[in-house]
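Participant: Once you've had a glance at the structure underneath, I'll fire off some questions.
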Amino acid sequence: MAQTLYEKLWNSHVVRTEADGTALLYIDRHLVHEVTSPQAFEGLKLAGRKPWRISSIVATADHNTPTDHWEQGIQDPVSRQQVETLDANIREVGALAYFPFRDPRQGIVHVIGPENGATLPGMTVVCGDSHTSTHGAFACLAHGIGTSEVEHVLATQCLLQKKSKTLLIRVEGQLGRGVSAKDVALAIIGRIGTAGGTGYAIEFGGSAIRSLSMEGRMTLCNMAIEAGARAGMVAVDQTTIDYLKNRSFSPRGEIWDRAVAYWRTLVSDPEARFDAVIDFDAARIEPQITWGTSPEMVAAVGDAVPAPEDFADPVKRDGVARALQYMGLSPRTPLKSIKVDKVFIGSCTNSRIEDLRIAAAVVRGRHKADNVKAVLVVPGSGLVKQQAEAEGLDKIFRAAGFEWRQPGCSMCLAMNADRLEPGERCASTSNRNFEGRQGAGGRTHLVSPAMAAAAAIAGHFADVRELA
Amino acid sequence: MRPFTIHEGLVAPLDRANVDTDAIIPKQFLKSIKRSGFGPNAFDEWRYLDLGEPGRDNSKRPLNPDFVLNQPRYSGASILLTRDNFGCGSSREHAPWALEDFGFRALIGTSFADIFYNNCFKNGLLPITLPAEAIQSLFDLVTAVPGSTLKIDLAAQTVARPDGVALHFDVDPFRKECLLNGWDDIGLTLRHAELIKEFEARRRIEQPWLFA
């Protein structure tokens, strides 16, 4: 029978099934970071249990780590304790790979997995982090889990799961100039809402998706969770295989050939049926900017901030009124007139080499506007940083008055010292514009790397396509 | 895990959609390496007028009188009534830990985000989904009548109003069984250790690159 990619991935990992359909799924790759793992390691120890398969674990410290003055270590004692706890746990338990604070290959967990070839097609990938959906770009079944489930996977190499429904989001045609995967993700969320994908696993397909690089596909799958879907995925094609060739943990020789032959089957069969299909026209997607406190509160760059009365549903209307108050915005304000205080280019959504190249191309030969207090460029990993420096991107950013930082999650969630002060407004390439996400009282507008760079130069939101 | 069978308690209404886990427990409290003690910082940015930091004495902080959970009539609430997409965003299990530590045993809303929904069941916290009309009727009841309680019976899958009207809710049979009995998932799964080993051994032959 014809199967979707999700069904193939699901079926190939079921160890057993309960009467109500709850399945025990085998987990191939377990990514671990410092924030959501300490209680799981402690629980394992208290119960006298041992990890099932150490070689499935790839770990790094990313959420708490500072992005400057690495020579001083971690100043915040609470953050330091959490990172040291991860060090101690991995030392005791072991791992396939551990990239601790200041390691040349340290970085955001969703950047280092793929770039080291630790994320391979056909895998089940879990991590105590909702943006694990990123790895679906490699035709993996990848999703975030809670800490109890982290402990469950450590102890049993399995996860108890109910099968999701399937949603195909098809984006056909060619993306316009200045429009990237981030804009596609935001446009999708703007249409279907942040709960639009709840209960579904999303497959992204269509010619516009096939034209995306692996970096772009990761950006898109990363944001699947912001559409409510635990997992997003893209089928394997030549782009996937070319990306994986010769990565550290990618197979080699005869095993590589066998793997590739299998990976090529990881596509939805032509006759496969999805529970829902939604179509998008790539050519009609414009650069996006969020104006509220949920990723679904988004509009095209040429639009204005809406008014609460534009929304018929009273709960939604109240939500919009509350969001505008928090964001300090009046209805009908053109998005391009909104000034920004800070700009953040980074996060597991947009901190890969392609993102930095795009931002640098906008910035080259220009300087940040005077009203912009700080522009942070935070590469996703040590390897991304190295590559960017080899290409001279750091020099372009520095010449523009931007700060070139060390890798980490940084101001996406502001667990380290990088944050917004109350009332500050930020153009951010991250994934969440929730109240307080980038610092208590901070105001976040989600945009693509090109649009963030344009805002930094102009001092307010600007259409990157109009930047002469 | 604490079993959930029947619970009757005071209901607090949190009348907004898309309540995210960053709002339920802000990031600075995620630096803890413990799984308890998050209750005083549940909804921290809405609940207090100042900025919360780990290690502060929360009893000395100024409360936001406008926040619903600070209103005396909802003091001691153990059931949270809410709207669409509660628990969206970050997968942090600190969110159900904070709600449970605050004193909630059940949440009732029109929908819950997937990861959060799952996390609740691991912590003896019952998330109940009801249709929008039923939720609206509960909001009307709770705001109109101070001291409104609801009685939740997991075995019968009902939410009973004080007037005796019982609303039926759906729950997966396996999750229900685990929660009714307070079972430890890991212990349950390890009963199938032999099956897992066989599966793994087969996989090692078929896809050796996964076991490098």
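Participant: For segment A:240-332, which chymotrypsin sites (Phe, Trp or Tyr not before Pro) pass both filters: DSSP loop (anything but H, G, I, E, B) and at most 15 other C-beta atoms within 10 Å? Please list the in-between numbers first.
Facilitator: Numbers: sites: A:TYR243, A:PHE249, A:TRP256, A:TYR262, A:TRP263, A:PHE274, A:PHE280, A:TRP291, A:PHE311, A:TYR326; in loops: A:PHE249, A:PHE274, A:TRP291, A:PHE311.
Here the chymotrypsin sites (Phe, Trp or Tyr not before Pro) that fit, given the DSSP loop and packing criteria, are A:PHE311.
Participant: Further, regarding this structure: Please give, to one decimal in nm, the separation of the simple spin-label points placed at A:GLU466 and A:SER55, each 7 Å out from Cα toward the Cβ.
Facilitator: 5.7 nm
Participant: Counting only protein heavy atoms, what percent of the accessible surface of the protein assembly as shown is carbon or sulfur at a 1.4 Å probe? Working shown, then result.
Facilitator: Details: 11870 of 23600 Å².
Ligands and nucleic acids excluded, carbon and sulfur reach 50 percent.
Participant: If you don't mind, another one. Grab the eigenvalues of the alpha-carbon gyration tensor for segment A:349-468, scale each by 5, take roots, and send me the semi-axes largest first in whole angstrom. Each step should come with its number before you reach the end.
Facilitator: Working: eigenvalues 87, 62, 29 Å².
They are 21, 18, 12 Å, listed largest first.
Participant: Sum -39500 (n - 2.57) across every DSSP H segment of at least 4 residues in chain A, then divide by the residue count to get the 222 nm mean residue ellipticity, nearest 500. Show your work: numbers first, answer last.
Facilitator: Details: 15 runs with 144 residues, N = 468.
Computed ellipticity for chain A at 222 nm equals -9000 deg cm²/dmol.
Participant: Provide the per residue accessible area, probe 1.4 Å, for chain B, rounded to a whole number of square angstrom.
Facilitator: Numbers: 8360 Å² over 212 residues.
Result: 39 Å² per residue.
Participant: Just from its helices, what would the mean residue ellipticity at 222 nm be for chain B, if runs of 4 or more DSSP H residues each count -39500 (n - 2.57) and the sum is divided by every residue, rounded to the nearest 500 deg cm²/dmol?
Facilitator: Numbers: 8 runs with 67 residues, N = 212.
Here the helix-only value at 222 nm equals -8500 deg cm²/dmol.
Participant: Is the shape of segment A:1-125 rounded, prolate or oblate, going by the alpha carbon gyration tensor and its root eigenvalues a ≥ b ≥ c, with a/c under 1.5 for rounded and a/b larger than b/c for prolate? Working shown, then result.
Facilitator: Values: a/c = 2.76, a/b = 1.71, b/c = 1.61.
Judged from the Cα gyration tensor, segment A:1-125 comes out prolate (a/c at least 1.5, a/b above b/c).
Participant: Where in segment A:171-212 are there trypsin sites (Lys or Arg not before Pro) that are in a DSSP coil and have at most 13 other Cβ atoms within 10 angstrom of their Cβ?
Facilitator: Details: sites: A:ARG177, A:LYS182, A:ARG191, A:ARG210; in loops: A:ARG177.
For trypsin sites (Lys or Arg not before Pro) across segment A:171-212 that sit outside H, G, I, E and B with at most 13 neighbouring Cβ atoms in 10 Å, the list reads A:ARG177.
Participant: Please work out whether chain B counts as rounded, prolate or oblate from its C-alpha gyration tensor, where a ≥ b ≥ c are the square roots of the eigenvalues and a/c under 1.5 means rounded, while otherwise a/b larger than b/c means prolate and anything else oblate? Don't jump to the answer; show the numbers that get you there.
Facilitator: Details: a/c = 2.31, a/b = 1.40, b/c = 1.65.
Taking the square roots of the gyration eigenvalues as a ≥ b ≥ c, chain B is oblate.
Participant: Next question, about the same structure. Could you compute the longest span of chain A free of GluC sites (Glu not before Pro) located in DSSP loops and having at most 16 other Cβ atoms within 10 Å, not counting the site residues? Please list the in-between numbers first.
Facilitator: Numbers: sites that count: A:GLU18, A:GLU271, A:GLU391.
Segment A:19-270 is the longest.
Participant: Same structure, new question: Which loop trypsin sites (Lys or Arg not before Pro) in segment B:27-76, with loop taken from DSSP, have no more than 14 other Cβ atoms within 10 angstrom of their Cβ? Provide the component values of the computation, followed by the final result.
Facilitator: Details: sites: B:LYS27, B:LYS31, B:LYS34, B:ARG35, B:ARG47, B:ARG56, B:LYS60, B:ARG73; in loops: B:LYS34, B:ARG35, B:ARG56.
Sites meeting the loop and neighbour criteria: B:LYS34, B:ARG56.
Participant: Hey, another quick one. Which values, in whole Å and largest first, are the semi-axes of the equivalent ellipsoid of segment B:106-212 obtained as the square root of 5 times each eigenvalue of the Cα gyration tensor?
Facilitator: Details: eigenvalues 336, 45, 21 Å².
Ellipsoid semi-axes (Å, largest first): 41, 15, 10.
Participant: Using a Förster radius of 60 Å, what is the FRET efficiency between A:ASN371 and A:GLU92 based on their Cβ-Cβ separation? Nearest 0.05, please. Present the calculation step by step, with values, prior to reporting the outcome.
Facilitator: Details: r = 50 Å, r/R0 = 0.84.
Rounded to the nearest 0.05, the efficiency is 0.75.
Participant: Now a separate question. Using only the Cα atoms of chain A, construct the convex hull and provide its projected area averaged over every direction, in square nanometres to one decimal. Don't jump to the answer; show the numbers that get you there.
Facilitator: On the way: hull surface 89.3 nm².
Mean projected area for chain A: 22.3 nm², to one decimal.
The values are calculated or read from the model by the stated rules, or taken from the named source; none is laboratory data. Everything numeric in this text was worked out from a predicted model, so none of it was measured. Cβ sites come from the backbone with ideal geometry, for glycine too, and all protein chains shown count toward neighbours. Quick note on the areas: whole protein, heavy atoms, side chains included, nothing else; ligands and nucleic acids left out. Shrake-Rupley method; radii C 1.70, N 1.55, O 1.52, S 1.80 Å.
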